[in-house]
Amino acid sequence: MKDGLKHIIGKTIKSVIVTRNDRPPKNQVFLIFDDDTYFEIYGESFTGAGGIDQGGVDEVSRYIEKSGAQITNVY
């Protein structure tokens with residue numbers, strides 16, 4: 001994954017736009033911030049969780065490692 005995610009730390013999300021398209025990129029999520037900037041996440045196939053879970057960096061890190069995945073970046 002590209003490292004643009006590090007630029008969203010500390011920003012406040014004011015809106016989220018989700019798209020679907022028959023041609024690439026098939027799925028897009030735009031995070032729109034309160035300073036009128038945005039960050040795009042896109043890919044052929046991905047899904048989001050059904051809700052918000054309780055936990056911080058330590059809890060999420062343990063969850064990821066228990067699942068057998070590897071953490072590649074933390075910003």
- Partners for LYS6 among lysines (Cα-Cα distance below 23 Å; same-chain residues under 8 apart left out): LYS14
- Taking a probe of 1.4 Å, how large is the accessible area per residue of the chain, in Å²? 88 Å²
- Karplus-derived HN-Hα couplings along the range 7-15 (A = 6.51, B = -1.76, C = 1.60, θ = phi - 60°), whole Hz, x at Gly and Pro: 7, 9, 4, x, 7, 9, 6, 10, 7
- Considering only the other residues whose Cβ falls under 15 Å of the Cβ of ILE13, what net charge follows from Lys and Arg at +1 and Asp and Glu at -1? -2
- Cα-based helix-to-principal-axis angle, 57-66 vs the chain, degrees rounded to 10: 80 degrees
- Query: Given that just one value was derived from the coordinates, which of [x] 1.00; [y] 0.96; [z] 1.25 is Cα Rg over 2.2 N^0.38 Å?
  - Reply: [z]
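Just to make sure I understand: if all protein chains stay in place, what is the order of ILE52, ILE8 by accessible area at 1.4 Å, largest first?
Putting ILE52, ILE8 in descending order of accessible area: ILE52, ILE8.
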- Message: Suppose every Lys and Arg Cβ carries +1 and every Asp and Glu Cβ carries -1, with no other charges. What dipole size does the chain come out with about its Cα centre, to the nearest 20 debye?
- Response: 200 debye
- Using θ = phi - 60° and the Karplus relation 6.51 cos²θ - 1.76 cosθ + 1.60, list the HN-Hα couplings for the range 25-41 in order, rounded to whole Hz, with x at every Gly or Pro. x, 5, 10, 9, 10, 10, 9, 9, 9, 6, 9, 6, 10, 8, 10, 10, 10
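The values are calculated or read from the model by the stated rules, or taken from the named source; none is laboratory data. Keep in mind the model is a prediction, meaning the values are calculated, not measured. Here Cβ is always computed from backbone atoms with ideal geometry, including for glycine, and neighbour counts include all displayed protein chains. Side chains are part of the model used for accessible areas, which takes the heavy atoms of the whole protein and leaves out ligands, DNA and RNA. Shrake-Rupley method; radii C 1.70, N 1.55, O 1.52, S 1.80 Å.
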